[in-house]
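> Sending over a structure as structure tokens; questions will come in a sec.
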Amino acid sequence: MTASLSPPRSWLAAAWRELRSFSGLGTDATFLWPRWIVLRAVGVVFIIIFGGIIHESDALIGPRGLTPLTGLIAQLRATPPGGVAAFLKNPTLFWFNASPWMVGVVQWTGLLAAIALVLNFWPRMALSVCWVALLSFADGWIIFSDPQVDWLILETTLLCIPYAPAGYRPGLGAHSPPRPIAFFMMRWLLFRVMFENGLSKIMYGDPRWYNLTVLDELYQSAPCPTILGYFDHQLPHWWHVGEILLTYAAEFVAPIWMLFGGRRARWFAFGCWTIFQLGIQATCNFGWLNTSAIALGVLLLDDQMLADAARLLRRPGLAARFAAAATPAVVAPIRNPLSRYGLPAALWVHWYLTIVYFVVLSCKIPENAFFETVNRPLRYLFSGFGSVNAYGLFAWLDQEHKVVEFCGSNDGGRTWRNYDLRHFPQRADRIPGFIAPLFPRFEAALQIELATRSKPTALFGLVAQRLLERSPVVTGLFENDPFPDQPPQMVRIQLYRVWFTDLATWRATGNYWRREYVGDYGPMRYLDAKGYVAEAATEFDQIYVKAYYGNPQAQSFLGYAYLSGEEGVERDPAEAANWLTKAAEQGVPGAQLNLSLLLANGDGVARDLPAAARWCQRAAEQGLADAQDRLGIMYAEGMGLPQNLQSALAWFTVAAQSGSANGDQHRLYLEARVDFAVSQAARQEAQAIQARIKTAKNLPAK
């Protein structure tokens, strides 16, 4: 009679049994239908990916796009260390040819391979083509590849190649069930995606994960929240605490329990993970990230579990199909040495690197010299290929949501028109739609650069440059072209801080967002005299550009700056007269008065008293108090006008009524020196002048 195991040893034995079962060892379970579903889901995701690339690639990396691919590849070639090491760091087919023709071949081939994968045609080859095509873009266009969205699907695809059935039309692949090592690596990937995201929140995360307040702000700080995200934000704090508990359940409890708890635990993990990912996708629009994560969750199931679920749902026909797949098939032994030994070796190396990343994450171990030296050769061979990644989404959330707006002007900066983004928040009365699993790379790249960089990057300047150059493919990235009539002369980038409104404000105004203008995000771009795009680095430069393009207020400001020698420029009366004349001709009263003073004094221009009087009168007729006082002096002294004390007194009276202290002093001084009749006539003339000015001000602007 054998002695029974002690409880601790029996528990360990049971845990080891379940862990082996989770890894696909020592179990009679089959996994044909879950594999079939996962591969079809991967194919659908790739159709979405390559459809988006085809839609945006010309604008992103085409010859007239933001970053032409030929320039990007040349930059990669010039980056040390060069040669083979540089290729291994950024492996892409575009090293060999970066022409638009090659881009078209790669993206359309990837799309066709994705369709073949969905149709279950030669799945291993289809997966390989999809992986190479996406990797070529991810490593070739650099800034337009999201580190989490793209690299998760790349690693998933790489592991799916040995996981997929062999053959051209394998069906369920009963003749080619997943090899234990390939099955284990897929489930290990799922465990890492689940557990590392939770672990990063604890090890490196936002303190609000500890005090259970983080989801009070998550939705309004997400790059592209949906209407459900808006309403979720309005729910009470206890609801958000429940969401945090669901997060912990999906990322801590579920991955640990599914290792040791058998099928019941895997059902729990599958349900919890699916609900969690659906909630994120419905509220936050993170592209195909959550779709891929849901598809990975299917790996927790087996054919027997699916058959049991179909019976529970009273679907006997479906249950029979699942049960038929659960019958183990006779599998021929693997005779190819490369497949028999080489593939497991590569997968174990992959597993080793994932362990390295996992230990670094979980133990906060710095990558010291020894650690780096040991792993450098393998990292060169694997990391650039998207084969090993660490996952840590939502570990740290932005404290605020910032957005940028591209604004252009074709009238010297007097009016600005917005280039509206298609999806991401911009207008106060519009909430982003449900775009996931689509992933708008252009807008996402702007948000990522904005959130992760402390200073504006070159991307924003490139967008402004292409808008000024009227690149149709870049303009087409926006919802509208605000300049169908006349091209813009200048483009500026404005930065806003945005928050959700409350429900009362939304009901009253229809606005989802409160917006606060932060300032210009980088220098204004403009077209110079030769038609080239240039930067206005300082505020004075911006004023100069606006003045050059006919903005009368800017011309007046510039004229005064050259007249006074302020704003960091040397005094130049001739240049002042040039700009003041332009502004005066457009009706700016301050410019008219300053030009009058230059003409009266012969400062920078030939002395011309009659012209000085005409400009002074035009400014006075517009209600400028200093010009009215100055015109009174010119009448009193006969400067460019016939001497007329009555008109002088009338203009002094008008200036005093406009708030000029000098005008009031001059009025009192002159009234004491003229007779009563002149004073009376001057009052009447002043009333007529005031009526004329008031009538002119009520006229519609030209």
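The values are calculated or read from the model by the stated rules, or taken from the named source; none is laboratory data. These numbers were taken from a predicted model, which means no experiment stands behind them. Positions of Cβ are backbone-derived with ideal geometry, glycine not excepted, and every protein chain shown enters the neighbour counts.
> Taking region 495-532 only, how many residues are part of a strand (DSSP E or B) and under 16 Å from Lys546 (Cβ atoms)?
Going through region 495-532 one residue at a time, the tally reaches 5.
> Now a separate question. Sort through Trp16, Trp108, Trp11 and tell me the only one that's under 28 Å from the mean Cα position of the chain (by Cα), surrounded by fewer than 18 Cβ atoms within 10 Å (Cβ to Cβ), aromatic (Phe, Trp, Tyr) and at negative phi.
Testing whether each residue is under 28 Å from the mean Cα position of the chain (by Cα), surrounded by fewer than 18 Cβ atoms within 10 Å (Cβ to Cβ), aromatic (Phe, Trp, Tyr) and at negative phi leaves just Trp108.
> Given the options Tyr548, Tyr521, Tyr526, Tyr517, name the one that is buried (at least 22 other Cβ atoms within 10 Å of the Cβ) and not β-branched (Val, Ile, Thr).
Result of the check over Tyr548, Tyr521, Tyr526, Tyr517: Tyr526.
> Next question, about the same structure. For region 675-696, check the following and say yes or no: at least one residue is over 20 Å from Gln592 (Cα atoms), in a loop (DSSP other than H, G, I, E, B) and at pLDDT below 90.
There is at least one residue in region 675-696 that is over 20 Å from Gln592 (Cα atoms), in a loop (DSSP other than H, G, I, E, B) and at pLDDT below 90.
> Among Ala41, Ala74, Ala85, which is under 25 Å from Gln148 (Cα atoms) and loosely packed, with under 14 Cβ neighbours inside 10 Å?
When all the criteria are applied, what remains is Ala85.
> Now a separate question. Could you please give the count of residues in region 551-566 that are surrounded by 15 or more Cβ atoms within 10 Å (Cβ to Cβ) and farther than 17 Å from Tyr526 by Cα?
Total satisfying the criteria: 10.
> For region 481-504, give me each residue that is more than 23 Å from His233 (Cα to Cα), crowded, with 20+ Cβ neighbours inside 10 Å and of a type in the set (Phe, Trp, Tyr).
Answer for region 481-504, where residues must be more than 23 Å from His233 (Cα to Cα), crowded, with 20+ Cβ neighbours inside 10 Å and of a type in the set (Phe, Trp, Tyr): there is none.
> Here are some residues: Pro91, Pro100. Which one is farther than 20 Å from Leu152 by Cα, surrounded by fewer than 19 Cβ atoms within 10 Å (Cβ to Cβ) and of a type outside the set (A, V, I, L, M, F, W, C)?
None of the others qualify; the one that does is Pro100.
> Okay, next question. Picking from Leu631, Leu645, which residue would you name as being more than 53 Å from the chain's Cα centre (by Cα), at pLDDT below 95 and within 24 Å of Lys694 (Cβ to Cβ)?
Leu631
> If you don't mind, another one. I'd like to check which helices (runs of 4 or more DSSP H) are fully inside region 288-328 and have at least 2 residues that are buried (at least 17 other Cβ atoms within 10 Å of the Cβ) and over 42 Å from the mean Cα position of the chain (by Cα).
Passing ranges, in order: 303-312, 316-325.
> With the condition kept exactly as written, say whether any residue in region 154-170 is touching an Asp or Glu at 6+ places or on another chain (Cβ under 9 Å), in the same structural domain as Pro68 (by TED's automatic domain parsing) and either of a type in the set (A, V, I, L, M, F, W, C) or at positive phi (or both).
Within region 154-170 (the criterion being touching an Asp or Glu at 6+ places or on another chain (Cβ under 9 Å), in the same structural domain as Pro68 (by TED's automatic domain parsing) and either of a type in the set (A, V, I, L, M, F, W, C) or at positive phi (or both)), the answer is no, since none of the residues qualifies.
> With the checklist (1) crowded, with 20+ Cβ neighbours inside 10 Å; (2) within 60 Å of the chain's Cα centre (by Cα); (3) at pLDDT below 90 in hand, flag the one item Trp651 doesn't pass.
(3)
> Criterion first (touching a residue at least 40 places away in the same chain (Cβ under 8 Å), surrounded by fewer than 17 Cβ atoms within 10 Å (Cβ to Cβ) and farther than 27 Å from Glu469 by Cα) does Ala29 satisfy it?
Taking the combined requirement at face value, the residue satisfies it.
> What number of residues in region 93-112 are in contact (Cβ under 8 Å) with a residue 40 or more places away in the chain and either of a type in the set (Lys, Arg) or touching a Leu at 6+ places or on another chain (Cβ under 7 Å) (or both)?
So the count comes out to 4.
> Another question, if that's okay. Going by the conditions given, is Ala686 touching a residue at least 12 places away in the same chain (Cβ under 8 Å), in contact with a Cys (Cβ under 7 Å, 6 or more places away or on another chain) and either at negative phi or surrounded by fewer than 16 Cβ atoms within 10 Å (Cβ to Cβ) (or both)?
Spelling it out, it is not the case that Ala686 is touching a residue at least 12 places away in the same chain (Cβ under 8 Å), in contact with a Cys (Cβ under 7 Å, 6 or more places away or on another chain) and either at negative phi or surrounded by fewer than 16 Cβ atoms within 10 Å (Cβ to Cβ) (or both).
> Need a quick list: helices (runs of 4 or more DSSP H) entirely within region 545-616 having at least 2 residues that are under 26 Å from Tyr532 (Cα atoms).
552-564, 573-585
> What are the residues in region 54-71 that are of a type in the set (Gly, Ala, Ser) and buried (at least 16 other Cβ atoms within 10 Å of the Cβ), if any?
Within region 54-71, Ser57, Ala59, Gly62, Gly65 meet the criteria.
> Can you find a residue in region 473-491 that is under 19 Å from the mean Cα position of the chain (by Cα), in a strand (DSSP E or B), closer than 30 Å to Glu443 by Cβ and among the aromatic types (Phe, Trp, Tyr)?
No.
> In region 223-230, is there at least one residue being surrounded by fewer than 21 Cβ atoms within 10 Å (Cβ to Cβ), under 29 Å from the mean Cα position of the chain (by Cα), in contact (Cβ under 8 Å) with a residue 60 or more places away in the chain and assigned to a helix (DSSP H, G or I)?
Yes.
> While we're here: Determine, yes or no, whether Leu172 is touching a residue at least 12 places away in the same chain (Cβ under 8 Å), of a type in the set (A, V, I, L, M) and either surrounded by fewer than 19 Cβ atoms within 10 Å (Cβ to Cβ) or within 30 Å of Thr452 (Cβ to Cβ) (or both).
no
> Here's a follow-up. In region 617-648, what residues are surrounded by 24 or more Cβ atoms within 10 Å (Cβ to Cβ) and either polar (S, T, N, Q) or not in a helix (DSSP H, G or I) (or both)?
Within region 617-648, Gln628 is the sole residue that qualifies.
> Additional query: If we scan region 452-470, do we find a residue that is polar (S, T, N, Q), free of Cβ contacts under 8 Å to residues at least 60 places away in the same chain, within 25 Å of Phe286 (Cα to Cα) and exposed (fewer than 15 other Cβ atoms within 10 Å of the Cβ)?
yes
> Restricting attention to region 234-246, does a residue exist that is in contact with a strand residue (DSSP E or B) (Cβ under 9 Å, 6 or more places away or on another chain), touching a residue at least 40 places away in the same chain (Cβ under 8 Å) and surrounded by fewer than 23 Cβ atoms within 10 Å (Cβ to Cβ)?
Yes - at least one qualifying residue is present in region 234-246.
> Here's a check for you: in region 396-417, which residue that is surrounded by 19 or more Cβ atoms within 10 Å (Cβ to Cβ) and within 22 Å of the chain's Cα centre (by Cα) is modelled with the lowest pLDDT?
Here the answer is His401.
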